[in-house]
C-alpha cells in the first residue's frame with residue numbers, strides 16, 4: 001500500500017475522474033470537506049494511508065441558494081457560514097440549529113452538514129433534521145448525478161450508499177411553504193459539545209385552521225442509523241398538534257427506537273427520551289409554523 | 001511520500017513551505033515554519049490550544065491539513081502583538097492573572113480577540129459559550145472571563 005497523498009481537484013469532473021481511477025487501481029481515497037471528523041479518524045481509528053481528495057474548493061460544493069421551491073445547501077459550506085445567513089435561518093431554523101449544536105466555535109468554522117451526513121454516525125445531529133425536512137442528497141459519480149433521500153443514505157454505523165467513485169455535492173431541501181415550521185432537539189449530559197444520547201427532528205405544515213396537513217419526524221442516536229418515523233408523522237397529520245397528538249408521535253418514536261446501552265445512556269433511557277424530544281420538538285415546530 | 005508545496009500568508013507574510021500530505025496545519029506552523037506559539041493540546045479539536053485564524057475564521061489548526069493552507073491567510077498568536085506592544089487582550093490576561101501554566105493561553109487569546117472583533121460588547125454568557133472550545137485546567141475560567149470583559153471595556157473606552 002502506498003503513502004498518503006493530497007489532491008484538491010479544480011472541477012467536479014476531475015474529482016470524479018480521480019475518485020474513479022483510484023477506485024479501479026485499488027488506491028484508497030478519503031473525501032475531505034471540513035475535516036473535523038476525518039482528521040481525528042486519521043490520527044486515531046484508521047491510520048492507513050490514502051489519497052485525500054479535498055472537495056471544499058469546488059464552486060458546486062459551496063452553492064447556497066434559497067429558491068421558491070428548493071433550498072440548496074452545498075456539501076462543503078461551514079456551519080458558521082450557514083448560521084450567519086439570516087434568511088436561511090428564518091426558513092429552516094431547526095436544521096440550522098442542528099448544525100449549530102455541533103462542537104465549539106472552532107469546529108463551527110470548519111464542520112459542514114455534508115460532512116456530518118457522509119460521516120454517517122448514528123448520532124449525527126443534522127441527519128434527523130434533514131430527514132424531517134425531506135432533504136435529498138445530490139450525489140455525483142462516474143455514472144453521472146443521482147438524488148437519494150437522506151433517510152435512505154446512511155446504511156449502517158459509519159457507512160452510506162455512495163460508491164467509491166461518488167461524492168456528495170449538496171443537499172436539496174424543499175422550501176417551507178405556508179405555515180411550516182421545523183425544530184431539532186437532542187439530549188446531552190452537558191450544555192454543549194457532546195454527542196447526542198438521543199435526538200429528534202420534526203417538521204410540520206398547518207392549514208389556516210391550525211390543522212396539520214404534513215408532518216415528518218426523524219430520530220437519531222437510537223438505532224444503527226438515523227431513522228424516518230412515518231408513524232410519528234402520521235400521528236400528527238389531521239390534528240391540531242396538541243398534547244394528545246404529540247404523545248402519540250412520541251410513542252411512535254419510542255416504538256421505532258432500537259438503541260444500545262453505552263456510557264451515554266441505557267436502552268430504556270434512550271427509548272423514553274427520544275419520545276420526549278419528539279414531543280418537545282413537535283411543539284416548537286408547531287409554534288414556529290403558526291408564527292409564519 | 002510526495003510532499004505538497006504550499007504558498008500561504010502567515011501573519012501578513014507570504015510564505016512557502018513543503019508539507020507532508022497528512023501533516024496538520026499545526027504541524028506545518030510549528031515544525032515547518034518554526035511558529036511554536038500555537039500549542040498542541042489534544043490534537044482532536046477538543047481543547048482549542050491550537051486555535052488560529054484561517055481566512056478570518058477561528059479554527060483548530062490540528063483539524064486542518066497543512067496542504068489546505070494553500071492560498072489562504074493565516075493569523076497566529078505571533079501576529080497578535082504589535083512589535084513590543086501587547087494587544088489589549090494579552091495585556092488584560094497579564095493584569096488579571098488569567099493564566100498559570102500557559103499552554104492554553106495562545107489559543108484563548110486568539111479566540112478572545114476573534115470574539116471582540118465580531119462582538120465588541122459581549123455579555124458573560126456569550127464569552128463563555130464562544131470560549132467553550134478552549135479548555136484550561138489551571139484557572140477555573142473565571143479570571144479568563146474577567147480579562148476578556150475588561151479587554152472589551154478597554155477597547156470601548158481606552159484609558
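According to the Kirkwood relation over distinct C-alpha pairs, the hydrodynamic radius of the protein assembly as shown is 23.0 Å. Against chain B, whose longest principal axis comes from its Cα atoms, helix B:105-118 is set at around 70 degrees.
Compactness of the stretch A:28-107, taken as the C-alpha radius of gyration over 2.2 N^0.38 Å, stands at 1.27. Comparing A:216, A:172, A:190 in a Gaussian network model of chain A, where Cα atoms under 10 Å apart are tied by springs, the biggest mean-square fluctuation is seen for A:190.
Please list log₁₀ I(q)/I(0) at q = 0.18 Å⁻¹ for the stretch B:88-156, using the Debye equation with identical point scatterers on the alpha-carbon positions. These q points yield log10 I(q)/I(0) values of -0.55. Here the Kirkwood formula puts the hydrodynamic radius of chain B at 15.9 Å, using every distinct Cα pair.
Highest GNM mean-square fluctuation among B:133, B:45, B:102, for chain B modelled with Cα contacts below 10 Å: B:102.
Put simply, when A:69-78, B:61-70, A:139-148 are sorted by average Cβ atoms within 10 angstrom per residue, most first, you get B:61-70, A:69-78, A:139-148. From the P(r) of the stretch B:4-79, could you give the percentage of C-alpha pairs in the tail past 16 Å? Percentage above 16 Å: 38.
Rg/Rh for the stretch A:134-261 stands at 1.01; both radii use Cα atoms, and Rh follows the Kirkwood definition. A simple spin-label model places the labels of residue B:118 and residue A:214 3.3 nm from each other, with each point 7 Å out along Cα-to-Cβ. Against chain A, whose longest principal axis comes from its Cα atoms, helix A:267-291 is set at around 80 degrees. Across all directions, the average projected area of the convex hull around the alpha carbons of the stretch A:78-140 is 4.3 nm².
Averaging 1/r over each pair of different alpha-carbon atoms in the stretch A:5-54 and inverting the result gives 11.3 Å, the Kirkwood hydrodynamic radius.
Per residue, chain A reaches -10500 deg cm²/dmol at 222 nm when only DSSP H runs of four or more residues are counted, each adding -39500 (n - 2.57). Extension gain for residue A:44-residue A:142 works out to 32.2 nm (0.36 nm per residue, less the C-alpha to C-alpha distance).
Laboratory data are not the source of any read-out in this text; all were calculated from the coordinates shown. For clarity, every value in this text was computed on a predicted model and none was experimentally measured. Every residue, glycine as well, gets a Cβ built from its backbone with ideal geometry; the counts of neighbours run over all protein chains shown.
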